[in-house]
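Step one of this worksheet: look at the structure below.
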Amino acid sequence: MQNAERRIENEASAAVRFVSEAEASLAEVNVDAQRATWVAENFITYDTQILSAQANEKHINLGVALAKRAARFDHVQGLPFDVRRKLDLIKLALTTPGPSDSAKTAEMTKIAAELDAQYGAARYCPAGATPDQCLDVEAITEIMRSSRDPHRLLDVWRGWHTISRPMKAMYTRFVELTNEGARELGYKDTGALWRSKYDMSPDAFAAEVDRLWNQVKPLYDSLHCYVRWNLTKKYGADVVPPAKPIPAHLLGNIWAQEWANVYDLVAPRDGDPRFWERSLFLKPRDRDVVCHASAWDIDDQDDLRVKMCISRTADSFTTIHHELGHNFYQRAYNTQPFLYKNSANDGFHEAVGDTIALSITPNYLVQIGLLDKEPPPSADLGLLLREAMDKIAFLPFGLMIDRWRWRVFSGEIAPSDYNKAWWDLRLRYQGIAPPVERTEHDFDPGAKYHIAANVPYTRYFLARILQFQFHRALCAAAGLKGPLNRCSIYGNRDAGARLKAMLEMGQSRPWPDALEAITGQRQMDATAILDYFAPLKEWLDEQNQGQKCGW
Ligand code: X8Z
Ligand code: ZN
């Protein structure tokens, strides 16, 4: 054998060995970090923060070291598909890489644990309140959902947005540290690392997100116009001025990210228990927990859990479907090797439960006995509008969060402009403005869980597009004709088999392959969401005639 050939063969077998060792050690350290974070989020104390910071530090140090070693195989040609894919996944495995200077990575994971804990334990104490009258995020959420008193809403909105002020300095330092880690791994910054996880270049991904947004923007604009007009009727033109952005405290949600809780203000006229033994479903009375709903795959085997503070509301009903979707995905790819135990891209993970929830049609509710009889077809419009108040209203929010963060990571937004840039994006994408003046003493991004807990957010934007694409494909696979909003795949084996085939693939193939397995398409495509809401779009545009839309 020639020397060159022998070298290639040696390198290839070194790559195979490296991948299998890396996969095993990552799997082990990942379980420890998951377990420590579960405890820290369920029992927020000084000590659990330290323990989870330490476990995450170990995970990050190992992840960084392995990513650097994986990069040494970049030049090796002709590796088997799975070896090359796993090398790439090892390089991309971390969300927040840390610097090789170990003191800095320890500082970073300590900050991350503290931000997460601060968010989870945060309360707004109104003036003169006794400690037990202070409001946590659940209480705030309930007031935003149910109150129609603009003064009360404004007070609560302002109050919640004070909780994140102390986070700003920590967050600024956190960005510096993780960026340093990302640069050592060869990425421009942590945002570029996040954008590299989609089987295409970071720039191509950013362009892809833009393309999808432009597809759906006209629908959002129609909804915004219609909702604003109804809010003006309710609260008066001095509170909701026509042709201006909507004040952020009046949309039924503390972040104005989903609006179905104020549907009543815009409604058209006629319109196996053991499995769950380690989950958390109810807010404990005796301790602080991170209530933000999440689904967990603790040990990469069968220990699946949900952590959620459930209330008896439509929101919780949808969210529990969302969380179960994560668990179904985790169960379906359970037999894949560790590095493939993930969704095709992160938008897929977020879309599965929502796809299933799209089958909660009136007819389905009758079938499972939650509704006596189906409402007449004339009620469809109201149902569609209610749905759009969440699904469509969310789109620009789902987009702007990482628009902000990508530019924070790249340094384009400096700490001295954090809050201003946040509200510039809220205005530009959502047409929403703060109800009271903001300054750089405020750190409003930190009042949103995913900023404090550093969870990437573009995935939720993608999920909103994908879930309708999945739904349309599954309805077709089930042979169901008729409008998409009346289609339920409940109990349909063909649709189930199609979904399962995609879920079982995990992350073993580039995401266009997984998309093709379920939809036959290789591109994410917003025409399904437009199809679904087409009757509503027509109706909204009729209602908006004579209005000056936009802001
Ligand atoms: O965070 C979530 C899930 C957990 S992955 C409850 N969602 C985003 C949010 O609450 O901001 C689902 C919708 C968007
Ligand atoms: Zn989720």
Quick one: would you say residue 456 is touching a Lys or Arg at 6+ places or on another chain (Cβ under 9 Å), under 25 Å from residue 193 (Cα atoms) and not basic (Lys, Arg)?
-> yes
Could you tell me whether any residue of region 98-121 is over 24 Å from residue 457 (Cα atoms) and aromatic (Phe, Trp, Tyr)?
-> no
Out of (1) open to solvent by less than 10 Å² (accessible area, probe 1.4 Å); (2) farther than 30 Å from residue 487 by Cβ, the one residue 461 does not meet is (2)
Residues of region 434-485 being among the polar types (S, T, N, Q) and farther than 30 Å from residue 498 by Cβ, in sequence order, are 439, 454
Report, ordered by the first and then the second residue, all pairs with beta carbons closer than 6 Å, sequence separation of six or more or different chains, a first member in region 150-163 that is among the aliphatic types (A, V, I, L, M), and a second member that is crowded, with 17+ Cβ neighbours inside 10 Å and in a helix (DSSP H, G or I).
-> 156/140; 156/143
Going by the structure shown, is residue 402 assigned to a helix (DSSP H, G or I), within 16 Å of ligand 2 (Cβ to nearest atom) and over 22 Å from residue 260 (Cα atoms)?
-> yes
Return the total of residues in region 491-529 being of a type outside the set (A, V, I, L, M), closer than 29 Å to residue 210 by Cβ and either over 20 Å from the mean Cα position of the chain (by Cα) or open to solvent by 20 Å² or more (accessible area, probe 1.4 Å) (or both).
-> 14
Selection from region 421-445 of residues among the charged types (D, E, K, R) and under 23 Å from the mean Cα position of the chain (by Cα) yields 424, 426, 428, 444
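Residue-wise test of (1) of a type outside the set (Ser, Thr, Tyr); (2) over 24 Å from the mean Cα position of the chain (by Cα); (3) more than 16 Å from ligand 1 (Cβ to nearest atom).
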site	(1), (2), (3)
303	yes, no, yes
316	no, no, no
319	no, no, no
323	yes, no, no
339	yes, no, yes
373	yes, yes, yes
Taking region 257-282 as the region of interest, how many residues are outside any helix (DSSP H, G or I), within 29 Å of residue 436 (Cβ to Cβ) and under 23 Å from the mean Cα position of the chain (by Cα)?
-> 3
Note: among 87, 79, 51, 92, just one is within 22 Å of residue 108 (Cα to Cα), open to solvent by less than 80 Å² (accessible area, probe 1.4 Å) and not β-branched (Val, Ile, Thr), namely 92
Filter the helices (runs of 4 or more DSSP H) completely within region 437-551 down to those with at least 1 residues that are within 30 Å of residue 339 (Cα to Cα) and among the basic types (Lys, Arg).
-> 458-477, 493-504
If we ask which residues in region 283-307 are within 12 Å of ligand 2 (Cβ to nearest atom) and hydrophobic (A, V, I, L, M, F, W, C), their number turns out to be 4
Is it true that some residue in region 427-444 is crowded, with 18+ Cβ neighbours inside 10 Å and within 16 Å of ligand 2 (Cβ to nearest atom)?
-> no
From the set of residues in region 200-256 that are assigned to a loop (DSSP other than H, G, I, E, B) and open to solvent by 50 Å² or more (accessible area, probe 1.4 Å), which is nearest to residue 522 (Cα to Cα)?
-> 200
Considering region 182-199, residues that are more than 22 Å from residue 340 (Cα to Cα) and of a type in the set (Lys, Arg), and then whichever is least open to solvent (accessible area, probe 1.4 Å), we arrive at 183
Residue hits (region 308-328; part of a helix (DSSP H, G or I), farther than 17 Å from residue 280 by Cβ and away from ligand 2 (no atom under 11 Å from the Cβ)) are 314, 315, 317, 318, 328
Output the residue which, of all residues in region 275-325 that are among the basic types (Lys, Arg) and open to solvent by 50 Å² or more (accessible area, probe 1.4 Å), is farthest from residue 362 (Cα to Cα).
-> 287
Residue ID - farthest from residue 195 (Cα to Cα), chosen from residues in region 329-346 that are within 12 Å of ligand 2 (Cβ to nearest atom) and open to solvent by 10 Å² or more (accessible area, probe 1.4 Å) = 330
Quick check, is residue 35 within 26 Å of the chain's Cα centre (by Cα), of a type in the set (Lys, Arg) and surrounded by fewer than 22 Cβ atoms within 10 Å (Cβ to Cβ)?
-> yes
Subset of region 347-387 (residues that are hydrophobic (A, V, I, L, M, F, W, C) and open to solvent by 60 Å² or more (accessible area, probe 1.4 Å)) = 368, 370, 371, 383
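Hey, does region 159-172 have a residue that's open to solvent by less than 10 Å² (accessible area, probe 1.4 Å), assigned to a helix (DSSP H, G or I) and among the aliphatic types (A, V, I, L, M)?
yes
The values are calculated or read from the model by the stated rules, or taken from the named source; none is laboratory data. This structure is a prediction, so every number in the text was calculated from the model and none was measured. Please note: Cβ atoms are built from the backbone with ideal geometry, for glycine as well, and neighbour counts cover all protein chains shown. Ligands, DNA and RNA are excluded from the accessible area calculation, which covers all protein heavy atoms including side chains. Shrake-Rupley method; radii C 1.70, N 1.55, O 1.52, S 1.80 Å.
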